[in-house]
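Structure first, commentary second.
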Amino acid sequence: MNTKKILFSSLFLSAFFVNDVLAIVKNDVPFTSQAPLGLWEEPWANACEEASITMVAKYYENQKTHRVQTTISHDEAQGDILTALQYKNVSYGVRKDEDALMVASIINRFYPFEATTFLNPTLESLLIELRQGRPVIIPVNGKELRNPNFLNGGPNYHMLVLSGYDEEKEEFITQEPGTRYGLDFRYNYATIMDAIHDFSSENMSKGVKKAIFTNSLGSNTSEYDWDEDGLTKEEEFTYHTNPSLRDTDFDGYPDGVEIQNGYSPIIPADTLTDEMLIKKANVSTVYVFRKNEKIPIANEEAFEKNAWKWEDIVILNDNYMDSITTSNKRIL
């Protein structure tokens, strides 16, 4: 090979290597602070774990629908954090702080994604997870973060989400629930690696090094039926039932029994209301319930033209849907 070819090859490889090393990876984890309405009192003062779960859950939910979302609305975030608090109370009782194992357990019981705890995470192991599109939840000694937006130097125990990194600046991109300025907040690598400590009631600086690795819902927990209602975790999310309640609509029948017998597990019989959006679990057609009939919505354009919201759609059991008269009209 002549000198020119050798020089060209070296320059090409060098350029490729530099671009690779100086990469910026950013996963679209939507942000909320742990106090969405700005009320830094209980239960919000210690809701960093629940806010972290909420942000990652919304990220995996958005992945399924290819939605890009920067922030979670204040009202939605407040409701989701309160739900996470409910799940925690059901599992472990009322308490202010949850260690990494408890948070992973709450995720695996009640959320449509999965979590595992990882002991002594290295910098490279965290970067690999983020490169693979998997946000990481980390417990930390909040004082060691030295975040200028924290009051009184920050909490002793804290939790936040790693959503990306910047190799050139050697910084993690985080969703930091401990401040309203936490959207894409950056900490340098060393700060995060030093601050990682799981909960310790004695001395947070001596808490073990742990991280919570996350992944989309898979076979590890999808078949789990924690509330013993006859529905798997995956089915709970298909039918929008509460995975911590055997009887979501409080009508005296377990959710699984209602599904098996053709009833809705979230709407007591004869309580459908006009303008409710309804559909079957595995059929794309959405209907509007109106005057005891279900009227099919022609297409996505018609749905959006009427300013309906996708999250308002109620999934009904196939038999229950079939029992409702279908209108000969369509909404165009």
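Answer yes if at least one residue in segment 249-261 is under 21 Å from LEU85 (Cβ atoms), crowded, with 19+ Cβ neighbours inside 10 Å and outside the structural domain of GLU61 (by TED's automatic domain parsing), and no otherwise.
no
Quick one: which of GLU176, GLU202, GLU171, GLU167 is farther than 26 Å from ALA57 by Cβ and within 26 Å of the chain's Cα centre (by Cα)?
Exactly one residue qualifies, and that residue is GLU167.
What's the number of the only condition in (1) within 30 Å of HIS66 (Cα to Cα); (2) buried (at least 16 other Cβ atoms within 10 Å of the Cβ); (3) at pLDDT below 85 that LYS294 fails to meet?
(3)
Can you find a residue that is among the aromatic types (Phe, Trp, Tyr), modelled with pLDDT of 95 or more and either under 18 Å from THR71 (Cα atoms) or surrounded by fewer than 17 Cβ atoms within 10 Å (Cβ to Cβ) (or both) anywhere in segment 173-181?
Looking for residues that are among the aromatic types (Phe, Trp, Tyr), modelled with pLDDT of 95 or more and either under 18 Å from THR71 (Cα atoms) or surrounded by fewer than 17 Cβ atoms within 10 Å (Cβ to Cβ) (or both), one finds at least one in segment 173-181, hence yes.
Among the numbered criteria (1) of a type outside the set (Phe, Trp, Tyr); (2) over 14 Å from CYS48 (Cβ atoms); (3) surrounded by 19 or more Cβ atoms within 10 Å (Cβ to Cβ); (4) assigned by TED's automatic domain parsing to the domain that holds THR54, which one does THR221 miss?
Single failed check for THR221: (4).
The conditions are (1) closer than 23 Å to LEU82 by Cβ; (2) surrounded by fewer than 17 Cβ atoms within 10 Å (Cβ to Cβ), and SER284 fails exactly one of them. Which is it?
(1)
Could you list all residues from segment 245-264 that are out of contact with any strand residue (DSSP E or B) (no Cβ under 9 Å at 6 or more places or on another chain) and under 17 Å from GLU234 (Cα atoms)?
LEU245, ARG246, ASP247, THR248, PRO254, ASP255, GLY256, VAL257, GLU258, ILE259, GLN260 - these are the residues of segment 245-264 that are out of contact with any strand residue (DSSP E or B) (no Cβ under 9 Å at 6 or more places or on another chain) and under 17 Å from GLU234 (Cα atoms).
Let me confirm something: among LYS26, LYS5, LYS96, which residue is within 22 Å of GLU176 (Cα to Cα) and modelled with pLDDT under 90?
Result of the check over LYS26, LYS5, LYS96: LYS96.
Need a quick list: strands (runs of 3 or more DSSP E) entirely within segment 246-332 having at least 1 residues that are among the basic types (Lys, Arg) and free of Cβ contacts under 8 Å to residues at least 60 places away in the same chain.
276-280, 287-290, 293-296
Report, by residue number, each residue of segment 77-102 that is aromatic (Phe, Trp, Tyr) and either under 15 Å from SER52 (Cα atoms) or within 16 Å of the chain's Cα centre (by Cα) (or both).
The answer is TYR87, and nothing else.
Quick grid of which residues meet (1) of a type in the set (S, T, N, Q); (2) touching a residue at least 12 places away in the same chain (Cβ under 8 Å); (3) surrounded by 15 or more Cβ atoms within 10 Å (Cβ to Cβ):
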residue: THR54; (1), (2), (3): yes, yes, yes
residue: LYS58; (1), (2), (3): no, yes, yes
residue: THR65; (1), (2), (3): yes, yes, no
residue: TYR87; (1), (2), (3): no, yes, yes
residue: VAL103; (1), (2), (3): no, yes, yes
residue: PHE113; (1), (2), (3): no, yes, yes
residue: LEU119; (1), (2), (3): no, yes, no
residue: GLU124; (1), (2), (3): no, no, no
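Considering only segment 165-199, state which residues are part of a loop (DSSP other than H, G, I, E, B) and either hydrophobic (A, V, I, L, M, F, W, C) or without any contact (Cβ under 8 Å) to a residue 12 or more places away in the chain (or both).
Passing the criteria: LEU183, PHE199.
Would you confirm whether any residue within segment 101-123 is closer than 22 Å to ASP28 by Cα, small (Gly, Ala, Ser) and out of contact with any Gly (no Cβ under 6 Å at 6 or more places or on another chain)?
Looking through segment 101-123, at least one residue is closer than 22 Å to ASP28 by Cα, small (Gly, Ala, Ser) and out of contact with any Gly (no Cβ under 6 Å at 6 or more places or on another chain).
Taking segment 195-207 only, how many residues are loosely packed, with under 15 Cβ neighbours inside 10 Å and either out of contact with any strand residue (DSSP E or B) (no Cβ under 7 Å at 6 or more places or on another chain) or of a type outside the set (Ser, Thr, Tyr) (or both)?
Going through segment 195-207, the residues loosely packed, with under 15 Cβ neighbours inside 10 Å turn out to be 201-203, 205-206.
Those still in the list that are either out of contact with any strand residue (DSSP E or B) (no Cβ under 7 Å at 6 or more places or on another chain) or of a type outside the set (Ser, Thr, Tyr) (or both) too: 201-203, 206.
Number of matching residues: 4.
The values are calculated or read from the model by the stated rules, or taken from the named source; none is laboratory data. Because the structure is predicted, anything quoted here is derived from the model rather than measured. Positions of Cβ are generated from backbone atoms using ideal geometry, with glycine treated the same way; all protein chains shown enter the neighbour counts.
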